[in-house]
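Any read-out appearing in this document is the output of simple, stated calculations on the displayed coordinates, not a laboratory observation. Note that the structure is predicted; figures quoted are calculated from it, not measured. Counting neighbours? That spans all protein chains shown, and the Cβs are built from the backbone with ideal geometry, glycine included.
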Amino acid sequence: MQVNENSPGECFCLKFKPNRYLFMSNFKSYYLLLLLPWLPFSARAQTVASLIYDQPVTARPPDKSVQSVSLEEALISLEVKYNVSIVYKSELVQNKTTKTFKLQPSLDETLEQLLKPHKLQFKKSKNEYVIIRQEGQPASIKEVMFQQLRHETPQLRYETPLMRQEMPSRQSLAAITITGKITDENAQALPGVTVLLKGTTVGTTSDVDGRYSLNVPDGNGTLVASYIGYTTLEIPVNNRTVINFSLAPDVKALEEVIVVGYGTQKKSDLTGSVGTIKAETLQERPAASLNQGLAGRITGVNVSVNSGRPGGRANIRIRGNTSVSVTNNPLYVIDGVILNVTSLTNGSTPIDYINPNDIASIEVLKDASATAIYGARGANGVILVTTKRGSQGGGRATYDSDYSIGVLPRKIPLLNSREFLLVEEQAYANAEKYDPVGWAGGKYTDPKTKRTNPLLFDSNGNPLYDTDWQKEAFQKAFTQNHQLSFTGGNGKDSYGAYMGYRNENGLVKNSWLKRYAGRFVMDTQIKDWLKVGGTISYNDQSESQVDPLGAGGIIAMRQVLEALPIIPIKYPDGRWGGNEDYPGMEGGGNPLHVLTERLFYVKTQTMLGNIYANIKLAEGLDLRSTVGTNIINQRIDYYGGNIIRINIIYGCTAIGQAGYIQNHSINHI
């Protein structure tokens, strides 16, 4: 079909299928476009939208050419063909025609061929929309798109797909007022809640009754309500004029409230004077005692583990060593009950016998915050322990278990049998050089003359044994830990029963720990102004220890380093080997002999309990009264063996001696 430039009713046939319906529709559209300059803005926008959305379009095949077509018609055809939006000012294309117009394989090539004769250029935006501009004059896409509607000039061409996405209709541009009420989880009004239109600075706050009113540009946005201590909530507007919010407490924000002795306080108000550990953190690295669990957890709290025994003693220094005559240990407070400030056997403290799996949180008070609450007793810092309580969300049973295998991280480099004998020979040679007088006087004996014992050396003086005492004395330590709990309750009452069992083997053979723990907790809200509750716990712990403090003699851990590598664990006849079997050496049983024959058992029973009554006197003012008790009973049983002569404990030498020591400690609050 040939297109005549003087046939305005048929100029759109370049874009559409040539049937009668489309011809009449396009003819109508043409005259509507002529009337656009004299129509009001709203009518003009509706007319343009009608032209764009109501007409099916089909591009002319790319292999056909058209002559003497207007530039604007050609651009419209390209939009449909390549499914793009070509944005331009009307004056750039008015009264311009192209005598030869042929669709090329790509849009870029076609536009370059079409625009070059008119000294026009095009540029792609990042959204792949093509922008037409005069040579040498850059144009903004938004300026081109919105200038005509903003000034309501008669040069409005038509609405492109891009304009339909970014330009709201006249109706959506109308501002609306949104009102509503903001409440908490108990349907109580929340004043001071911030309400914002998402992505903008348009916002307001709720009044004392929790009500708000906000003017927004349209009904397509999203309102965001935020309040300290509550979870932020977003609700789409969807052209509504009434939107109510119900905010839920923010659990993460509540975790920033910590225990400070007389109640709770915001963590931000305490800066660096308080350190906090939650139960989840302690469970990441299971430990036999609370002190071991604190190691490396809190800045400014130095935890040194001075023993490798199961549940081994650990020293905690919060403010360094403040005294040379009295204890430097911190003050421990469990659920408001102060533990006895006493040293138990082998350097243990009362906190070592608390089941760490019962702990909900730990707060460490440092600096002036400790002495401000607990006086002189808090001079070395205070460790506040809060145990787990019952559940208010119905009945629940929980079982946790963990298993681990401990290994010796590294061995201390020691001499083997060959190296030991070479060192002994070198020492003898040095004696001749550095002490010639003593050498000449027969003060030193050639060590080779001592190597005649057929139980230790062959006929050539070579050792028969090469014992690695570290390998023989240490083992892989298997540990199992089981925790069972039952919790329940409702909004006013809660209870919890916690039971635990721990069986831990030590890295040193014949060392172990067994602990049975039980605890019951109950809280009840009798009246709105009265709440009572209590906790009682009992631990029974048995240990086999191999590193008694105060012995100062030959204990197993010392002999691991001092036993000679040429000495066997046992001889073929079943006798234990020892350093005294090689002349000139310090005596002492080998480590395995000590570990097997010397017994050192510690049995500790602790009971910790408290009851409280909390009376609400006024809003924010409570009276809490607590009565607690801490009882520790410890028994030490030892047996020195029937053939071992060692410094056993407290400076007493024992051969085949047995006995026990019993300590009692009771503290009431």
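Between N614 and K570, the simple label model (points 7 Å from Cα in the Cβ direction) yields a spacing of 6.2 nm.
When peptides 471-481, 571-581 are sorted by average Cβ neighbour count within 10 Å, with the highest value leading, the order is 471-481, 571-581. Put a plus charge on the Cβ of each Lys and Arg, a minus charge on the Cβ of each Asp and Glu, and nothing anywhere else: the dipole of region 419-557 about its Cα centre is then about 660 debye. Our note on the geometry: Cα centres of region 356-422 and region 505-550, 13 Å apart. When the charge dipole of region 436-559 is built from unit charges on Cβ atoms (+1 for Lys and Arg, -1 for Asp and Glu) and taken about the Cα centre, the candidate among Y465, Y498, T452 whose Cα reaches farthest toward its positive end is T452.
Magnitude of the Cβ-charge dipole of region 403-460, K/R +1 and D/E -1, about the Cα centre, nearest 20 debye?
Charge dipole, region 403-460, about its Cα centre: 200 debye, nearest 20.
Taking a ≥ b ≥ c as the square roots of the eigenvalues of the Cα gyration tensor, region 328-412 is oblate, since a/c reaches 1.5 or more and a/b is not larger than b/c. Ordering of 600-611, 278-289, 407-418 by packing is 600-611, 278-289, 407-418, highest average first (other Cβ atoms within 10 Å, averaged per residue). Taking 0.36 nm per residue of separation and subtracting the current Cα-Cα distance, fully stretching the chain between T179 and L599 would add 143.3 nm.
Here the calculated FRET efficiency for R418 and V305, from their Cβ-Cβ distance with R0 = 30 Å, stands at 0.25, rounded to the nearest 0.05. With both labels modelled 7 Å from their Cα along Cα-to-Cβ, the K476 to N238 distance reads 6.1 nm. Computed from the C-beta positions of N503 and E586, the FRET efficiency with R₀ = 41 Å rounds to 0.65.
Packing-based ranking of 327-339, 620-632 yields 327-339, 620-632, ordered from highest to lowest mean Cβ neighbour count within 10 Å.
Within a straight-line Cα-Cα reach of under 13 Å, K123 can be paired with the following aspartates and glutamates, leaving aside sequence neighbours fewer than 8 residues apart in one chain: D108, E109, E112, E135.
Note the full-extension length gain between K450 and K411 as 0.36 nm times their separation in residues minus their Cα-Cα distance, in nm to one decimal.
Working: separation 39, 0.36 × 39 = 14.04 nm, distance 2.99 nm.
11.0 nm is the gain from fully extending K450 to K411.
Applying 1/(1 + (r/R0)^6) with R0 = 22 Å to the Cβ-Cβ distance of D466 and E562 gives a FRET efficiency near 0.85. Placing unit charges on each Cβ (+1 for Lys and Arg, -1 for Asp and Glu) gives region 363-403 a dipole about its Cα centre, and among A379, L365, Q392 the Cα reaching farthest toward its positive end belongs to Q392. Taken over region 349-498, lysine pairs spaced eight or more positions apart, or on distinct chains, with alpha carbons under 23 Å apart number 6.
Extending 7 Å from Cα along the Cβ direction at E425 and again at Q94 yields two label points whose distance is 11.4 nm.
Gain on full extension, evaluated as 0.36 nm per residue between T629 and A376 minus their Cα-Cα distance, stands at 89.0 nm.
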